[in-house]
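Following: one structure in C-alpha coordinates, then a few remarks.
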Amino acid sequence: MLIVIMFVARSIAADHKDLIHDVSYDFHGRRMATCSSDQSVKVWDKSENGEWHCTASWKVLASCSFDRTAAVWEEIVGESNDKQRGLSHWIKRTTLVDSRTSVTDVKFAPKHMGLMLTTCSADGVVRIYEAPDVMNLSQWSLQHEISCKLSCSCISWNPSSSRAHPPMFAVGSDDSNVNYGGKVQIYEYNENTRKYAKAETLMTVADAVHDIAFAPNLGRSFHVLAIATKDVRIFKLVPMRKESTSTGPTKLEVQIVAQFDNHNSQVWRVSWNITSTLLASSGDDGCVRLWKANYMDNWKCTGILKGDGSTGSSGQPTAMSTVVGSSVQTSQNTQNGMSAGRYFFPPLDPPRAGTRYGHLLPPSSLIEHCDAEPIQPQQQALPHRLSSRALLPLPEAEGQ
(Lines give C-alpha, C1' and ligand atoms only; values in the text may rest on other atoms or scores of the structure.)
Protein backbone atom coordinates (compact mmCIF):
# COMPACT_ATOMS: atom_id res chain seq x y z
CA MET A 1 0.00 0.00 0.00
CA LEU A 2 1.27 3.46 -0.89
CA ILE A 3 0.64 6.91 0.51
CA VAL A 4 0.85 10.00 -1.70
CA ILE A 5 2.02 13.12 0.11
CA MET A 6 1.97 16.60 -1.39
CA PHE A 7 4.50 19.34 -0.72
CA VAL A 8 3.97 22.97 -1.68
CA ALA A 9 6.76 25.54 -1.89
CA ARG A 10 6.45 28.65 0.25
CA SER A 11 8.97 31.48 0.28
CA ILE A 12 9.57 33.81 3.22
CA ALA A 13 10.78 37.39 2.88
CA ALA A 14 13.55 37.17 5.46
CA ASP A 15 14.75 40.73 4.90
CA HIS A 16 18.39 39.75 5.42
CA LYS A 17 20.76 42.06 3.62
CA ASP A 18 23.25 39.36 2.66
CA LEU A 19 23.47 35.60 2.11
CA ILE A 20 21.56 33.36 4.53
CA HIS A 21 23.90 30.56 5.63
CA ASP A 22 21.90 28.44 8.05
CA VAL A 23 18.37 27.71 9.17
CA SER A 24 17.51 25.80 12.35
CA TYR A 25 14.16 24.66 13.76
CA ASP A 26 13.14 23.94 17.32
CA PHE A 27 11.89 20.47 18.28
CA HIS A 28 8.21 21.11 17.57
CA GLY A 29 8.75 22.92 14.26
CA ARG A 30 6.95 26.09 15.39
CA ARG A 31 10.06 28.27 15.61
CA MET A 32 13.07 28.72 13.39
CA ALA A 33 16.16 30.89 13.28
CA THR A 34 18.09 32.22 10.31
CA CYS A 35 21.62 33.62 10.33
CA SER A 36 23.25 35.68 7.62
CA SER A 37 26.46 37.39 6.56
CA ASP A 38 24.73 40.68 7.38
CA GLN A 39 25.76 39.83 10.97
CA SER A 40 22.23 39.30 12.19
CA VAL A 41 20.21 36.36 13.47
CA LYS A 42 16.42 36.40 13.16
CA VAL A 43 13.97 34.28 15.13
CA TRP A 44 10.69 33.34 13.45
CA ASP A 45 7.47 32.00 14.96
CA LYS A 46 4.74 30.15 13.05
CA SER A 47 1.21 31.48 13.46
CA GLU A 48 -1.96 29.39 13.55
CA ASN A 49 -2.60 30.02 9.83
CA GLY A 50 0.87 28.70 8.91
CA GLU A 51 2.50 32.08 8.26
CA TRP A 52 5.98 32.84 9.59
CA HIS A 53 6.59 36.12 11.41
CA CYS A 54 9.90 37.55 12.57
CA THR A 55 9.63 37.99 16.35
CA ALA A 56 13.23 38.85 17.21
CA SER A 57 16.38 40.07 15.53
CA TRP A 58 19.77 40.96 16.93
CA LYS A 59 23.18 41.95 15.69
CA VAL A 60 26.15 39.63 15.92
CA LEU A 61 29.68 41.02 16.13
CA ALA A 62 30.85 38.64 13.43
CA SER A 63 28.96 36.07 11.42
CA CYS A 64 29.65 32.37 12.01
CA SER A 65 31.79 33.20 15.04
CA PHE A 66 34.75 34.32 12.94
CA ASP A 67 35.40 36.67 15.86
CA ARG A 68 36.69 33.58 17.77
CA THR A 69 33.75 33.52 20.18
CA ALA A 70 30.55 31.65 20.84
CA ALA A 71 27.61 33.35 22.51
CA VAL A 72 24.80 32.04 24.71
CA TRP A 73 21.44 33.83 24.55
CA GLU A 74 18.32 33.42 26.67
CA GLU A 75 14.76 34.30 25.76
CA ILE A 76 12.95 36.39 28.38
CA VAL A 77 9.15 36.31 28.21
CA GLY A 78 7.09 38.99 29.91
CA GLU A 79 8.06 42.06 31.91
CA SER A 80 6.76 43.81 34.98
CA ASN A 81 5.22 46.68 33.07
CA ASP A 82 2.00 46.27 31.13
CA LYS A 83 3.50 47.36 27.82
CA GLN A 84 5.99 44.46 27.73
CA ARG A 85 3.82 41.82 29.40
CA GLY A 86 3.54 38.65 27.32
CA LEU A 87 6.24 39.76 24.86
CA SER A 88 9.62 38.12 24.53
CA HIS A 89 13.11 39.39 23.88
CA TRP A 90 16.60 37.89 23.87
CA ILE A 91 19.48 38.64 26.22
CA LYS A 92 23.08 37.62 25.71
CA ARG A 93 24.06 35.79 28.88
CA THR A 94 27.69 35.04 28.15
CA THR A 95 30.41 35.04 25.53
CA LEU A 96 32.92 32.20 25.39
CA VAL A 97 36.31 33.57 24.39
CA ASP A 98 38.73 30.68 24.86
CA SER A 99 39.32 30.00 21.17
CA ARG A 100 42.24 31.69 19.48
CA THR A 101 40.83 31.16 15.97
CA SER A 102 37.41 31.00 14.33
CA VAL A 103 34.78 28.90 16.12
CA THR A 104 33.45 26.70 13.33
CA ASP A 105 30.67 24.75 15.09
CA VAL A 106 28.87 24.64 18.42
CA LYS A 107 26.48 22.01 19.80
CA PHE A 108 24.65 21.28 23.02
CA ALA A 109 25.41 17.86 24.47
CA PRO A 110 22.56 15.32 24.75
CA LYS A 111 20.15 16.31 27.48
CA HIS A 112 20.93 13.36 29.76
CA MET A 113 24.47 14.76 30.18
CA GLY A 114 23.19 17.99 31.69
CA LEU A 115 23.50 21.52 30.35
CA MET A 116 26.75 21.24 28.41
CA LEU A 117 27.84 22.64 25.09
CA THR A 118 30.78 21.97 22.82
CA THR A 119 32.67 24.16 20.40
CA CYS A 120 35.24 23.25 17.78
CA SER A 121 37.65 25.69 16.20
CA ALA A 122 39.92 26.14 13.25
CA ASP A 123 42.87 25.71 15.62
CA GLY A 124 41.94 22.03 15.98
CA VAL A 125 40.69 22.24 19.56
CA VAL A 126 37.36 20.93 20.88
CA ARG A 127 36.16 22.64 24.06
CA ILE A 128 33.41 21.33 26.32
CA TYR A 129 31.66 23.73 28.70
CA GLU A 130 29.19 23.11 31.51
CA ALA A 131 26.73 25.39 33.27
CA PRO A 132 26.99 24.40 36.97
CA ASP A 133 23.75 26.22 37.78
CA VAL A 134 21.07 26.08 35.09
CA MET A 135 19.42 29.11 36.71
CA ASN A 136 22.57 31.18 36.22
CA LEU A 137 23.32 31.02 32.53
CA SER A 138 26.04 33.65 32.66
CA GLN A 139 28.44 31.18 34.28
CA TRP A 140 29.99 28.44 32.12
CA SER A 141 33.07 26.51 33.13
CA LEU A 142 35.50 24.96 30.66
CA GLN A 143 35.60 21.23 31.49
CA HIS A 144 37.66 19.72 28.67
CA GLU A 145 40.04 20.87 25.95
CA ILE A 146 40.81 18.20 23.34
CA SER A 147 43.40 18.78 20.64
CA CYS A 148 42.47 17.05 17.37
CA LYS A 149 45.66 18.01 15.49
CA LEU A 150 43.56 19.05 12.45
CA SER A 151 41.51 22.17 11.77
CA CYS A 152 37.95 21.35 12.89
CA SER A 153 34.91 22.17 10.77
CA CYS A 154 32.00 20.34 12.43
CA ILE A 155 31.07 18.27 15.44
CA SER A 156 28.30 15.84 16.40
CA TRP A 157 27.37 14.17 19.68
CA ASN A 158 26.26 10.57 19.82
CA PRO A 159 22.75 10.93 21.31
CA SER A 160 22.69 7.44 22.88
CA SER A 161 21.64 7.52 26.53
CA SER A 162 22.42 3.83 27.11
CA ARG A 163 24.68 3.07 30.06
CA ALA A 164 26.51 0.65 27.79
CA HIS A 165 27.67 3.58 25.64
CA PRO A 166 29.99 6.17 27.22
CA PRO A 167 29.59 9.78 26.00
CA MET A 168 30.96 10.01 22.46
CA PHE A 169 31.34 12.68 19.80
CA ALA A 170 32.72 12.87 16.27
CA VAL A 171 34.63 15.79 14.81
CA GLY A 172 35.30 16.49 11.14
CA SER A 173 38.00 18.52 9.41
CA ASP A 174 38.06 20.53 6.18
CA ASP A 175 41.80 21.17 6.38
CA SER A 176 42.92 21.66 2.78
CA ASN A 177 46.59 21.51 3.75
CA VAL A 178 46.32 17.82 4.65
CA ASN A 179 45.97 15.35 1.79
CA TYR A 180 45.95 12.09 3.73
CA GLY A 181 42.93 10.34 5.24
CA GLY A 182 41.58 10.49 8.74
CA LYS A 183 39.50 13.67 8.57
CA VAL A 184 36.86 12.26 10.92
CA GLN A 185 37.85 11.36 14.47
CA ILE A 186 35.75 9.68 17.17
CA TYR A 187 36.30 10.55 20.84
CA GLU A 188 34.94 8.71 23.88
CA TYR A 189 34.78 9.64 27.56
CA ASN A 190 36.80 7.47 29.93
CA GLU A 191 35.38 7.16 33.45
CA ASN A 192 38.75 6.11 34.90
CA THR A 193 40.74 9.07 33.62
CA ARG A 194 37.73 11.45 33.46
CA LYS A 195 38.98 12.61 30.08
CA TYR A 196 38.05 12.18 26.43
CA ALA A 197 40.36 9.98 24.34
CA LYS A 198 40.43 9.19 20.65
CA ALA A 199 38.63 5.91 20.00
CA GLU A 200 38.83 5.75 16.20
CA THR A 201 39.93 7.61 13.08
CA LEU A 202 38.05 7.07 9.81
CA MET A 203 41.05 6.72 7.54
CA THR A 204 38.97 6.38 4.35
CA VAL A 205 37.70 9.97 4.65
CA ALA A 206 40.37 12.01 2.89
CA ASP A 207 38.32 14.90 1.48
CA ALA A 208 37.14 18.02 3.28
CA VAL A 209 34.30 17.24 5.72
CA HIS A 210 31.56 19.87 5.88
CA ASP A 211 29.10 18.20 8.25
CA ILE A 212 28.65 15.05 10.32
CA ALA A 213 25.62 13.67 12.14
CA PHE A 214 25.13 10.72 14.47
CA ALA A 215 21.78 9.00 13.95
CA PRO A 216 19.38 8.67 16.89
CA ASN A 217 20.30 5.42 18.60
CA LEU A 218 16.87 3.97 19.52
CA GLY A 219 18.35 1.09 21.49
CA ARG A 220 20.78 -0.20 18.88
CA SER A 221 23.99 -1.84 20.04
CA PHE A 222 25.94 0.01 17.33
CA HIS A 223 26.17 3.61 16.12
CA VAL A 224 25.43 5.15 12.70
CA LEU A 225 27.26 8.24 11.45
CA ALA A 226 26.54 10.26 8.30
CA ILE A 227 29.25 12.39 6.71
CA ALA A 228 28.96 15.23 4.19
CA THR A 229 32.04 15.60 2.03
CA LYS A 230 32.33 15.50 -1.78
CA ASP A 231 29.60 12.85 -1.46
CA VAL A 232 27.35 11.36 1.23
CA ARG A 233 28.68 8.47 3.31
CA ILE A 234 27.06 6.40 6.04
CA PHE A 235 29.27 4.52 8.50
CA LYS A 236 28.36 1.83 11.00
CA LEU A 237 30.41 1.85 14.22
CA VAL A 238 30.21 -1.41 16.14
CA PRO A 239 31.67 -1.39 19.68
CA MET A 240 33.88 -4.43 20.26
CA ARG A 241 33.72 -6.36 23.51
CA LYS A 242 35.93 -4.62 26.03
CA GLU A 243 38.25 -6.55 28.33
CA SER A 244 37.57 -6.03 32.02
CA THR A 245 41.18 -4.93 32.61
CA SER A 246 41.20 -2.45 29.74
CA THR A 247 41.27 1.22 30.69
CA GLY A 248 41.40 2.67 27.18
CA PRO A 249 38.54 3.76 24.89
CA THR A 250 36.25 1.18 23.31
CA LYS A 251 37.51 -0.40 20.12
CA LEU A 252 35.19 0.22 17.18
CA GLU A 253 34.71 -1.91 14.10
CA VAL A 254 34.06 0.61 11.32
CA GLN A 255 32.05 -0.34 8.24
CA ILE A 256 30.97 1.91 5.40
CA VAL A 257 27.44 0.84 4.54
CA ALA A 258 26.49 3.40 1.88
CA GLN A 259 28.05 6.04 -0.32
CA PHE A 260 26.20 8.38 -2.72
CA ASP A 261 27.57 10.78 -5.31
CA ASN A 262 24.17 11.82 -6.74
CA HIS A 263 24.70 15.47 -5.81
CA ASN A 264 27.65 15.60 -8.26
CA SER A 265 28.99 18.43 -6.09
CA GLN A 266 30.11 19.23 -2.58
CA VAL A 267 27.64 18.13 0.10
CA TRP A 268 27.19 20.67 2.90
CA ARG A 269 24.65 19.26 5.34
CA VAL A 270 23.38 15.87 6.49
CA SER A 271 20.45 15.44 8.89
CA TRP A 272 18.51 12.47 10.31
CA ASN A 273 14.85 12.19 11.18
CA ILE A 274 13.98 11.27 14.75
CA THR A 275 13.68 7.54 14.01
CA SER A 276 16.95 7.44 12.02
CA THR A 277 15.11 5.85 9.08
CA LEU A 278 15.56 8.79 6.73
CA LEU A 279 18.63 10.88 5.95
CA ALA A 280 18.51 14.25 4.21
CA SER A 281 21.51 15.80 2.46
CA SER A 282 21.96 19.15 0.74
CA GLY A 283 24.62 20.06 -1.79
CA ASP A 284 25.84 22.61 -4.29
CA ASP A 285 23.41 21.18 -6.85
CA GLY A 286 20.66 23.14 -5.08
CA CYS A 287 18.78 20.02 -3.99
CA VAL A 288 17.91 18.27 -0.76
CA ARG A 289 18.00 14.52 -1.35
CA LEU A 290 16.29 11.97 0.87
CA TRP A 291 17.86 8.56 1.51
CA LYS A 292 16.21 5.48 2.99
CA ALA A 293 17.30 1.90 3.62
CA ASN A 294 15.15 -1.11 2.73
CA TYR A 295 14.78 -4.27 4.80
CA MET A 296 18.07 -5.53 3.32
CA ASP A 297 19.78 -2.38 4.63
CA ASN A 298 20.43 -1.17 1.09
CA TRP A 299 20.18 2.61 0.92
CA LYS A 300 18.49 4.37 -1.97
CA CYS A 301 17.43 7.90 -2.90
CA THR A 302 13.67 8.15 -2.35
CA GLY A 303 13.08 11.80 -3.25
CA ILE A 304 14.49 15.16 -4.21
CA LEU A 305 13.49 18.56 -2.85
CA LYS A 306 14.35 21.16 -5.47
CA GLY A 307 14.87 24.59 -4.06
CA ASP A 308 14.19 26.56 -7.25
CA GLY A 309 10.84 24.85 -7.95
CA SER A 310 11.56 24.92 -11.68
CA THR A 311 10.97 21.25 -12.48
CA GLY A 312 7.66 20.55 -14.16
CA SER A 313 6.01 22.96 -16.52
CA SER A 314 2.58 23.00 -14.87
CA GLY A 315 3.77 24.73 -11.74
CA GLN A 316 1.56 22.45 -9.66
CA PRO A 317 2.98 20.53 -6.71
CA THR A 318 4.10 17.03 -7.52
CA ALA A 319 3.76 13.99 -5.32
CA MET A 320 6.12 11.45 -3.86
CA SER A 321 4.90 7.95 -3.08
CA THR A 322 6.37 6.13 -0.14
CA VAL A 323 5.73 2.95 1.80
CA VAL A 324 3.30 3.17 4.71
CA GLY A 325 5.02 3.80 8.01
CA SER A 326 8.06 5.54 6.57
CA SER A 327 8.81 9.14 7.29
CA VAL A 328 8.80 11.52 4.36
CA GLN A 329 9.31 14.69 6.29
CA THR A 330 12.71 16.24 5.95
CA SER A 331 15.02 15.24 8.71
CA GLN A 332 16.40 17.81 11.08
CA ASN A 333 18.80 17.24 13.88
CA THR A 334 17.11 19.45 16.35
CA GLN A 335 14.89 16.64 17.54
CA ASN A 336 17.74 14.93 19.33
CA GLY A 337 20.01 17.86 20.02
CA MET A 338 21.94 18.11 16.75
CA SER A 339 21.59 21.07 14.54
CA ALA A 340 21.61 21.20 10.83
CA GLY A 341 23.62 24.36 10.81
CA ARG A 342 25.89 26.52 12.86
CA TYR A 343 22.98 28.02 14.79
CA PHE A 344 21.39 25.65 17.22
CA PHE A 345 18.33 25.04 19.36
CA PRO A 346 19.18 22.65 22.21
CA PRO A 347 17.32 19.37 22.70
CA LEU A 348 13.91 19.04 24.25
CA ASP A 349 12.10 16.03 25.62
CA PRO A 350 10.32 13.89 23.00
CA PRO A 351 6.61 14.71 22.64
CA ARG A 352 4.30 12.94 25.04
CA ALA A 353 2.10 10.10 23.83
CA GLY A 354 -0.92 11.38 21.94
CA THR A 355 0.70 14.61 20.84
CA ARG A 356 1.31 15.46 17.22
CA TYR A 357 4.94 15.50 16.26
CA GLY A 358 5.65 17.57 13.17
CA HIS A 359 8.88 18.37 11.42
CA LEU A 360 8.96 21.36 9.15
CA LEU A 361 10.14 21.05 5.63
CA PRO A 362 12.69 23.61 4.56
CA PRO A 363 11.13 26.09 2.16
CA SER A 364 11.72 23.81 -0.78
CA SER A 365 9.35 23.09 -3.48
CA LEU A 366 8.80 20.04 -5.53
CA ILE A 367 9.57 16.42 -4.92
CA GLU A 368 10.29 14.00 -7.71
CA HIS A 369 11.29 10.36 -7.78
CA CYS A 370 14.99 9.65 -7.77
CA ASP A 371 15.76 6.68 -9.96
CA ALA A 372 19.52 6.86 -9.76
CA GLU A 373 21.03 3.90 -7.96
CA PRO A 374 23.39 4.74 -5.10
CA ILE A 375 26.83 3.36 -4.76
CA GLN A 376 26.73 0.33 -2.47
CA PRO A 377 30.34 -0.32 -1.50
CA GLN A 378 31.51 -3.56 -0.02
CA GLN A 379 31.59 -3.41 3.76
CA GLN A 380 35.09 -3.14 5.07
CA ALA A 381 36.55 -2.90 8.52
CA LEU A 382 39.08 -0.17 9.18
CA PRO A 383 42.14 -0.58 11.39
CA HIS A 384 41.49 -0.06 15.10
CA ARG A 385 43.33 2.67 16.93
CA LEU A 386 43.51 2.98 20.67
CA SER A 387 45.66 6.09 21.00
CA SER A 388 44.46 8.65 22.48
CA ARG A 389 28.51 27.39 14.15
CA ALA A 390 26.88 30.64 15.89
CA LEU A 391 24.37 31.50 18.43
CA LEU A 392 22.61 29.37 20.95
CA PRO A 393 19.20 30.12 22.40
CA LEU A 394 18.64 28.07 25.51
CA PRO A 395 16.11 25.36 26.33
CA GLU A 396 12.46 26.26 26.50
CA ALA A 397 10.77 25.76 29.84
CA GLU A 398 9.27 22.36 30.54
CA GLY A 399 5.69 21.99 29.48
CA GLN A 400 5.78 24.73 26.90
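Summary of values
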| read-out | value |
| --- | --- |
| Cβ-based net charge around Ala109, under 14 Å, with every Lys or Arg adding one and every Asp or Glu removing one | 0 |
| Å² per residue, accessible surface of region 184-234 at 1.4 Å | 32 |
| In region 194-254, chymotrypsin sites (Phe, Trp or Tyr not before Pro) in a DSSP loop with at most 16 other beta-carbon atoms within 10 Å | Phe222 |
| Exposure of Arg68 as accessible area (Å², to 10), given a probe of 1.4 Å and all protein chains | 120 |
| Apportionment of accessible area to carbon and sulfur, region 148-307, percent (1.4 Å) | 48 |
| Proximal lysines to Lys300, defined as alpha-carbon separation beneath 17 angstrom and excluding residues fewer than eight positions away on the same chain | Lys236, Lys292 |
| Using θ = phi - 60° and Karplus 6.51 cos²θ - 1.76 cosθ + 1.60, couplings along region 276-281 (whole Hz; Gly, Pro as x) | 6, 9, 9, 10, 10, 9 |
| Rounded to whole Hz, the Karplus (6.51, -1.76, 1.60) HN-Hα couplings of region 181-193, x for glycine and proline | x, x, 8, 10, 10, 10, 10, 10, 7, 10, 5, 6, 8 |
| Rounded to the nearest 10 Å², the accessible area of Lys198 at probe 1.4 Å | 40 |
| Amide proton proximity set for Asn158, modelled H, under 5 Å, gap of 5+ | Met168, Phe169, Ala170 |
| Net +/- balance of residues flanking Arg127 in space, Cβ distance below 9 Å, scoring K and R +1, D and E -1 | -2 |
| GluC sites (Glu not before Pro) restricted to DSSP loop in region 137-232 with at most 15 other C-beta within 10 Å | Glu191 |
| Rounded to whole Hz, the Karplus (6.51, -1.76, 1.60) HN-Hα couplings of region 225-238, x for glycine and proline | 10, 9, 10, 9, 9, 6, 8, 9, 10, 10, 10, 10, 10, 9 |
| In Å², nearest 10: area of Thr250 left accessible to a 1.4 Å probe | 20 |
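The values are calculated or read from the model by the stated rules, or taken from the named source; none is laboratory data. What you see is a predicted model, and the numbers here were worked out from it, not measured in a lab. No Cβ is skipped: glycine too gets one built from the backbone with ideal geometry, and neighbour counts run over all protein chains shown. Surface areas here come from the heavy atoms of the whole protein model, side chains and all, with no ligands, DNA or RNA. Shrake-Rupley method; radii C 1.70, N 1.55, O 1.52, S 1.80 Å.
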